[in-house]
Amino acid sequence: MQQIRHLKAGVVGMVLAAVLASAGTAAAAEKEKPDFTGMWLGSEIGSGPATVNGHKSTSWPNPAPLTEAGKKALANYNVKTDDPPERCLPWGFPRDVVFNFYPMQLFQTKKELLMLFEYEPIPRRIYTDGRDFPTDLPPQWFGYSIGHWDGDTLVVETKNIRGDNVLTTDGLPQSGQMHVTERFTLLDGGKTLEVKVKAVDPVYYTKPLELTVYWARSDVEQHEFVCVEGLGEQINAPKDAQDDSAEE
């Protein structure tokens with residue numbers, strides 16, 4: 001009987017040790033996840049510095065693999081009336097991650113990665129708490145993003161993206177069926193952030209669009225950026241028209 005008690009106690013001890021070891025391993029793994037928190041500065045695709053810390057960003061495929069609907073949408077595009085920023089509306093997603101001339105600040109917690117851009121101070125939230133995509137939300141400028149870890153890389157899936165936005169100032173279209181996958185990875189000892197982007201949109205493209213952008217960790221500060229609706233028209237209008245408008 002005494003021997004059985006010792007045996008049971010030994011088994012319980014082994015199980016408890018295994019549970020504690022597993023918990024310790026999980027905690028260590030959680031603690032070791034890369035931390036993206038900080039200020040990041042990149043370069044706009046097509047202008048500015050060609051590389052970030054020696055890494056060269058790429059751009060969307062040119063020519064783009066457009067469907068017939070995509071060709072029609074591009075042909076009908078007018079930058080002055082169809083480009084949201086011309087009306088002080090957001091750049092939206094995935095455009096904001098590609099247009100990386102302005103500083104981006106990241107805040108990382110166990111539940112989410114929060115992205116703040118200087119150009120348009122609208123937060124983008126990437127949830128990492130294991131939730132699923134909602135089914136009752138209207139399309140959003142930044143869509144709805146859910147992330148999970150693949151080793152040291154944060155993989156982000158984004159759906160529910162607005163279809164009345166464009167991928168580029170030149171008018172590459174995007175539809176509400178677009179599904180974007182990003183892979184966030186720290187390079188160079190944490191000094192460089194690599195973001196690989198893959199956009200799938202069966203309405204406007206015959207195959208996925210892919211590019212890679214790089215951000216450098218920086219001590220630059222973000223400053224206030226305000227876009228006032230109608231300001232572009234005021235600046236471009238004749239002086240008399242501006243004066244008349246100002247008096248109204």
>> Using 24 Å as the Cα-Cα cut-off, could you pick out the over-long pairs in LYS110/LYS159; LYS33/LYS111; LYS56/LYS159; LYS111/LYS196; LYS80/LYS198?
In response: LYS56/LYS159; LYS80/LYS198
> What is the P(r) of the range 80-149, as percent of Cα-Cα pairs per 10 Å bin from 0?
Replying inline: 18, 46, 30, 6, 0
> Extent of the range 94-234 along each principal axis, from alpha carbon coordinates, in Å, largest to smallest?
Replying inline: 45, 36, 28
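Taken together, the values in this text are just the output of simple stated rules run on the coordinates, not laboratory data. All figures in this text were calculated on a predicted structure; none of them were measured in a lab.
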